[in-house]
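Participant: One structure coming up, written as structure tokens, with questions to follow.
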Amino acid sequence: MTATDANRFALRWARAATGRQQLLVFNGCYHGTIDDVFVDLVDGKPVQRASLLGQVYDLTQYTRVVEFNDLAALEAALQDGQVACLLAEPAMTNIGMVLPDPGYWEAAQALCRRYGTLLIMDETHTISTGMGGYSRAHGLTPDMMVLGKPMGGGVPCAVYGFSAEMAERAQQAKREAVPGHSGIGTTLTANMLAMAAMRANLAEVMTEQAYAHMFALAGQLAEGLRAVIARHQLPWCVTQVGARTEFQFTATPPRNGSEADAILDSDMEHIIHLYLLNRGLLITPFHNMLLVCPQTTSADVERLVEAFDSFVQQVR
């Protein structure tokens, strides 16, 4: 029913298929609320988030964490052969957008294969990149993929899928398990409402034509924001993944979670969001992420860019 569920079950399948216990994630990641992912790097060491309520065991026993775009750290985490899977977004989105360096994923995939670690791509946010998500657009070949509520147009639903090879490994793990409940799946999984919503969304909304419309307007939005930033000589940048655009308080786009976290300015974000809200413009209520949808128009984009320009002029 949620991407959290899908990620949890994909992780269970990965551990069952490999016989390994360790999970690897990127610092600053977000994959819903599965317990395993709430581990951060603090001074280079993995630390469980102090804010977790009711957490009764140390997550660092089974979860490793490295910085995004750091191939040396990735290999160091994988080389003992104990990591079942790397659970990742192809481009980080929740801590602020962080794009992969050129060639990063090709090298990262090769490392995962070398050390027998499965690669799970969480495309819940990066499905904005196009049909098949970031993975298809950039020629990536993960062992598993997860996708949440965009599949059903916002109706609670999620899916996860396997490569053919991984599917066989999953089936073999199930055949070899003792009889009983697998711990995977819930009563409302694949319920009729969710299935109907996904079918309608895939047929009528997630089309090549809709993506082309969104990409054109996202490009217009990104260029408009960049023009305002350049005109006022702000040390800010604009990052884009398909229909998803974000302006960030740094001249150079962040390369990992630590850098993205360091540039967050909650007071400035609140001021910008409130300024826009008072002018009838509501953007994503965290960070400065803007998502173009099939109903967005060129006039909508122009209105937002003009309001952004007005904000900058008044607060400089």
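Participant: Accessible area per residue of region 17-97 at 1.4 Å probe, in Å²?
Facilitator: Ligands and nucleic acids excluded, the figure is 42 Å² per residue.
Participant: Taking amide H atoms as placed 1.01 Å from N in the peptide plane, list the residues 5 or more away in sequence, or in a different chain, whose amide H sits under 5 Å from that of ILE34.
Facilitator: Result for ILE34 returns nothing.
Participant: Work out from phi, with θ = phi - 60° and the Karplus expression 6.51 cos²θ - 1.76 cosθ + 1.60, the ³J(HN,Hα) of each residue of region 278-294, listed in order in whole Hz, and give x for Gly and Pro.
Facilitator: 5, 10, x, 10, 10, 10, 3, x, 8, 6, 10, 8, 10, 10, 6, 10, x
Participant: Let me ask you something else. Sorted by packing (mean other beta-carbon atoms within 10 Å per residue), highest first, where do 70-76, 17-23 land?
Facilitator: Working: 70-76: 16.3, 17-23: 17.9.
In descending order of packing, they fall as 17-23, 70-76.
Participant: Would you kindly derive the ³J(HN,Hα) couplings of region 126-140 from the backbone phi angles with the Karplus curve 6.51 cos²θ - 1.76 cosθ + 1.60 (θ = phi - 60°), listing them in order in whole Hz, with x for Gly and Pro?
Facilitator: Using θ = phi - 60°, the values come out as 7, 4, 5, 6, x, 4, x, x, 4, 4, 5, 4, 10, x, 7 Hz.
Participant: Next up: How large is ³J(HN,Hα) for each residue in region 49-60, as worked out from phi by the Karplus curve 6.51 cos²θ - 1.76 cosθ + 1.60 (θ = phi - 60°), to whole Hz, x for Gly and Pro?
Facilitator: 4, 5, 7, 5, 8, x, 7, 10, 9, 6, 5, 6
Participant: For Cα pairs less than 8 Å apart in space and 6+ apart in sequence, what is the mean separation divided by the residue count of region 235-316, i.e. the relative contact order in percent?
Facilitator: About 26 percent, as a whole number.
Participant: Continuing with the same structure: Please sort 144-150, 41-47 by packing, taking for each peptide the average over its residues of neighbouring beta carbons within 10 angstrom, highest first.
Facilitator: Highest-to-lowest ranking by the protection proxy: 144-150, 41-47.
Participant: Would you calculate a helix-derived [θ] at 222 nm for the chain, using -39,500 (n - 2.57) for each DSSP H run of n ≥ 4 and dividing by the full residue count, to the nearest 500?
Facilitator: Computed ellipticity for the chain at 222 nm equals -12500 deg cm²/dmol.
Participant: LEU119's amide H: which non-local residues (gap 5+, or another chain) put their own amide H closer than 5 Å, with H modeled 1.01 Å from N in plane and none for Pro or chain starts?
Facilitator: Those lying under 5 Å, H to H, from LEU119 are LEU86, ASP143, MET144.
Participant: If one computes the Cα centroid of region 277-316 and of region 150-186, what distance in Å separates the two points?
Facilitator: Region 277-316 and region 150-186 have Cα centres spaced 40 Å from each other.
Participant: How large is the charge dipole for region 66-128, taken about the Cα centre, if only the Cβ atoms of Lys, Arg (+1) and Asp, Glu (-1) carry charge, to the nearest 20 debye? Show your work: numbers first, answer last.
Facilitator: Details: 2 positive and 9 negative charges, 35 e Å.
The calculation lands at about 160 debye.
The values are calculated or read from the model by the stated rules, or taken from the named source; none is laboratory data. Not measured: the values here are computed from a predicted model. Here the Cβ is made from the backbone with ideal geometry for all residues, glycine too, and neighbour counts use every protein chain on show. Surface accessibility is based on the protein's heavy atoms, side chains included, excluding ligands, DNA and RNA. Shrake-Rupley method; radii C 1.70, N 1.55, O 1.52, S 1.80 Å.
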